[in-house]
Amino acid sequence: MNDEQLLRYARHILLDELGIEGQEKLLAARVLIVGAGGLGSPAALYLATAGVGDITLADDDVVELSNLQRQILHTTASVGRHKAESGRDMLAAFNPQTQVHARVERLQGQALSDAVAQADLVLDCTDNFTTRHAINRACVQHRKPLVSGAAIRFDGQVSVYDLRDDRSPCYHCLFPEGDDVEEANCATMGVFAPVVGIIGSMQAAEALKLLSGVGESLSGRLLWLDVRTMQWRSVNVQRDPECAVCGHRGQ
């Protein structure tokens, strides 16, 4: 690290568990963030300011006025711009040393698989089950750790699926893909603005821990938050050996 980096990341370096070695791991890391909205905004901001060296921000949506209540990566001047490009510019303003690649597209198929393969870690900051399951399948295929978050109304949840470990469950183990799943999104059901900030920040924390090797991740646990009472619940999640997506691992 150069002198500017030593100063910029000084408060990280002071942490015995992280130190210079951990910070250098962050600087060398490549992260894929799918979704630059409510969850992706705080997650991307904390990863960029913390010094993650290479971030790909993927989103095909444009900024709307109704997004600004909670999507802190964008400003009023961003309305009408693609979220991936608006987010890239905002992250550059916070930390020009982080390389941010804006992908204005809905990643799917081979493009999604290739993007996951090139990353060290993936953050699912999307808001629909179809995309979540596609991301999960790609992470299982390439054995990449997946940090998943969700938020609706006053509720949020976050978990880690560390697919480098054969004992870890995948997203499908907990939320099996099926036609009977009811889709829920902020546009129709609403969301309390700070919920996405809390969950997105926790996604960033889990990502930074995994990348730097600090502490114990949420792998095997799902955290649920009810902001109305500000109470957390922790649920242990077991791998499904018959899982249609990840059941083949370890065989």
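The values are calculated or read from the model by the stated rules, or taken from the named source; none is laboratory data. These numbers come from a predicted model, not from an experiment. In this analysis, Cβ positions are derived from the backbone assuming ideal geometry, glycine residues included, and neighbour counts consider all displayed protein chains. Keep in mind that these areas ignore ligands, DNA and RNA; they rest on the heavy atoms of the full protein, side chains included. Shrake-Rupley method; radii C 1.70, N 1.55, O 1.52, S 1.80 Å.
Annotations
- Scope the stretch 91-129; condition polar (S, T, N, Q), open to solvent by less than 30 Å² (accessible area, probe 1.4 Å) and under 22 Å from residue 196 (Cβ atoms); matching residues: 95, 98, 126
- If you check 88, 143, 164 for being within 30 Å of residue 4 (Cα to Cα) and open to solvent by 30 Å² or more (accessible area, probe 1.4 Å), only one passes: 88.
- Any hit, the stretch 23-31, residues being open to solvent by less than 10 Å² (accessible area, probe 1.4 Å) and either part of a helix (DSSP H, G or I) or at pLDDT below 95 (or both): yes
- Members of the stretch 51-70 found to be surrounded by 24 or more Cβ atoms within 10 Å (Cβ to Cβ) and either touching a residue at least 60 places away in the same chain (Cβ under 8 Å) or in contact with a Pro (Cβ under 6 Å, 6 or more places away or on another chain) (or both), listed by number: 52
- Residue within the stretch 195-207 that is of a type in the set (Gly, Ala, Ser), in contact with a Pro (Cβ under 6 Å, 6 or more places away or on another chain), open to solvent by 30 Å² or more (accessible area, probe 1.4 Å) and at pLDDT 95 or above present: yes
- Only a single criterion out of (1) open to solvent by less than 50 Å² (accessible area, probe 1.4 Å); (2) modelled with pLDDT of 95 or more; (3) within 30 Å of residue 61 (Cα to Cα) is not satisfied by residue 212, namely (3).
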